[in-house]
Protein chains: 2
Amino acid sequence: MSNNNCPLYAEDLEVGTRRHLGTYEVSEEEVLEFGRRWDDLPIHTCPSEAASGQFGGLIASGVHTMAMNQSVMSRHFISRLAIIAGKGIREMTLDHPVRPGDTLSSDVEIVSIELRDGRADLTTRVSMVNQEGQQVLDMTGVSVIRRRPQS
Amino acid sequence: MSNNNCPLYAEDLEVGTRRHLGTYEVSEEEVLEFGRRWDDLPIHTCPSEAASGQFGGLIASGVHTMAMNQSVMSRHFISRLAIIAGKGIREMTLDHPVRPGDTLSSDVEIVSIELRDGRADLTTRVSMVNQEGQQVLDMTGVSVIRRRPQS
């Protein structure tokens, strides 16, 4: 990837490149707040009910886990791209519960770049692990980015 | 689906059932707020930059669109199930931009129920459309739910 101030176009990316995206600290307050707003189920929003349940405590909503990943991905990767928009997800698995107190760490790999007229489909695979090295999220997604303008 | 006060177990669900999940009003304030917190790109967070860009205005983050869908899905469907946890997404496409002022409407269909020991994998497909009937999100996801306890 280049080091100048231009955004990264499709032609600047290389299949197989991996990049560390940074870490994310999960607080109980945020698990409860996100859950109440977007996914109000006891496993995300009721500590006492969650404590006696399947996971022995609160776990983050799957959408919250995706949002945490997006925040590091957006800040440390997508913001550098000549991005047009997100297009979708090929596959996403929630492999291990995300709990308050976890420190999560994401890495992205460029899986494919399909050039089309003026734009390209960029497929990336992101792996997010917790402080024990357990993978919590594995997601292959597709975004549309611009090709380098003809000079 | 039954009408008593028990949660719906795997045995209470039927493949092919469709259910309307309700509607969601998208405000500009929320698009900006969610974007700043989770996906801080100009297309979600800078009205003037977005106005001169690809979509002629702000569009909601893909994760925000998923969260909006989750809020109606959680309230009107998942909260009635004997849910254990979300497991993943088989496929998700963002088919049309979500814009401030949109009224979105989601429907869910039960695609498959795979029974295992004590639990089941429940695969659902959700379609979210805007006020013009344009599909904005199409998502096939898998959750784990409990089977009916043996009496």
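The values are calculated or read from the model by the stated rules, or taken from the named source; none is laboratory data. Since the structure is predicted, the reported quantities are computational estimates derived from the model, not experimental observations. We place every Cβ from the backbone using ideal geometry, glycine too, and count neighbours over all the protein chains shown.
Of the numbered criteria (1) touching a strand residue (DSSP E or B) at 6+ places or on another chain (Cβ under 9 Å); (2) without any contact (Cβ under 8 Å) to a residue 60 or more places away in the chain; (3) of a type outside the set (S, T, N, Q); (4) more than 20 Å from residue B:97 (Cα to Cα), the one residue A:117 fails is (1). Scanning segment B:91-117 for residues that are over 18 Å from residue B:23 (Cβ atoms), under 15 Å from the mean Cα position of the chain (by Cα) and polar (S, T, N, Q) turns up just one, B:93.
Within segment A:18-36, residues that are at positive phi have Cβ atoms under 6 Å from residues that are loosely packed, with under 14 Cβ neighbours inside 10 Å and at pLDDT 95 or above in no pair, counting only partners at least 6 apart in sequence or on another chain. For residue A:89, the conditions (1) away from chain B (no Cβ under 12 Å); (2) crowded, with 16+ Cβ neighbours inside 10 Å; (3) hydrophobic (A, V, I, L, M, F, W, C) are fulfilled apart from (1). Within 19 Å of residue B:71 (Cα to Cα), within 12 Å of chain B (Cβ to nearest Cβ) and surrounded by 16 or more Cβ atoms within 10 Å (Cβ to Cβ): is that true of residue A:32 in this structure? It is false that residue A:32 is within 19 Å of residue B:71 (Cα to Cα), within 12 Å of chain B (Cβ to nearest Cβ) and surrounded by 16 or more Cβ atoms within 10 Å (Cβ to Cβ).
Looking for something part of a loop (DSSP other than H, G, I, E, B), within 12 Å of chain A (Cβ to nearest Cβ) and either buried (at least 20 other Cβ atoms within 10 Å of the Cβ) or not β-branched (Val, Ile, Thr) (or both) - is there at least one such residue anywhere in segment B:109-128? Give the derivation first.
Let us first name the residues in segment B:109-128 that are part of a loop (DSSP other than H, G, I, E, B), namely B:116-118.
Right, trim to within 12 Å of chain A (Cβ to nearest Cβ) and you get B:118.
Okay, now just the ones that are also either buried (at least 20 other Cβ atoms within 10 Å of the Cβ) or not β-branched (Val, Ile, Thr) (or both), so B:118.
Looking for residues that are part of a loop (DSSP other than H, G, I, E, B), within 12 Å of chain A (Cβ to nearest Cβ) and either buried (at least 20 other Cβ atoms within 10 Å of the Cβ) or not β-branched (Val, Ile, Thr) (or both), one finds at least one in segment B:109-128, hence yes.
Please indicate, with yes or no, whether at least one residue in segment B:86-97 is in contact with a helix residue (DSSP H, G or I) (Cβ under 7 Å, 6 or more places away or on another chain) and without any contact (Cβ under 8 Å) to a residue 60 or more places away in the chain. Yes, the conditions are met somewhere in segment B:86-97. Is it true that some residue in segment B:59-71 is surrounded by fewer than 18 Cβ atoms within 10 Å (Cβ to Cβ) and modelled with pLDDT of 95 or more? No: segment B:59-71 contains no residue that is surrounded by fewer than 18 Cβ atoms within 10 Å (Cβ to Cβ) and modelled with pLDDT of 95 or more. Checking the conditions here, which among A:59, A:78 is touching a residue at least 40 places away in the same chain (Cβ under 8 Å) and over 21 Å from residue B:144 (Cβ atoms)? The conditions single out A:78. With respect to (1) part of a loop (DSSP other than H, G, I, E, B); (2) more than 28 Å from residue A:31 (Cβ to Cβ); (3) in contact with a Gly (Cβ under 8 Å, 6 or more places away or on another chain), the lone exception for residue B:105 is condition (1).
When the residues of segment A:47-84 are filtered to those that are assigned to a loop (DSSP other than H, G, I, E, B), of a type outside the set (S, T, N, Q) and facing chain B (nearest Cβ under 9 Å), which remaining residue is nearest to residue A:27 (Cα to Cα)?
Let us first name the residues in segment A:47-84 that are assigned to a loop (DSSP other than H, G, I, E, B), namely A:52-61, A:77, A:82.
In the following step, the residues that additionally are of a type outside the set (S, T, N, Q) were identified as A:53, A:55-60, A:77, A:82.
Filter again for facing chain B (nearest Cβ under 9 Å), leaving A:53, A:55, A:59.
On the way: A:53: 20, A:55: 17, A:59: 11 Å.
Among them, the one singled out is A:59.
Among what's in segment A:92-107 and is surrounded by 19 or more Cβ atoms within 10 Å (Cβ to Cβ) and in contact with a Phe, Trp or Tyr (Cβ under 9 Å, 6 or more places away or on another chain), pick the residue that is farthest from the other protein chains (Cβ to nearest Cβ). In this case the residue turns out to be A:102.
Of the residues that sit in segment A:15-26 and are part of a loop (DSSP other than H, G, I, E, B) and more than 14 Å from residue A:65 (Cβ to Cβ), which one is farthest from the other protein chains (Cβ to nearest Cβ)?
Initially, segment A:15-26 is screened for residues part of a loop (DSSP other than H, G, I, E, B), giving A:15-17, A:26.
When the remaining residues are screened for being more than 14 Å from residue A:65 (Cβ to Cβ), the result is A:15-17.
Details: A:15: 22, A:16: 24, A:17: 21 Å.
Among residues in segment A:15-26 that are part of a loop (DSSP other than H, G, I, E, B) and more than 14 Å from residue A:65 (Cβ to Cβ), the one farthest from the other protein chains (Cβ to nearest Cβ) is A:16.
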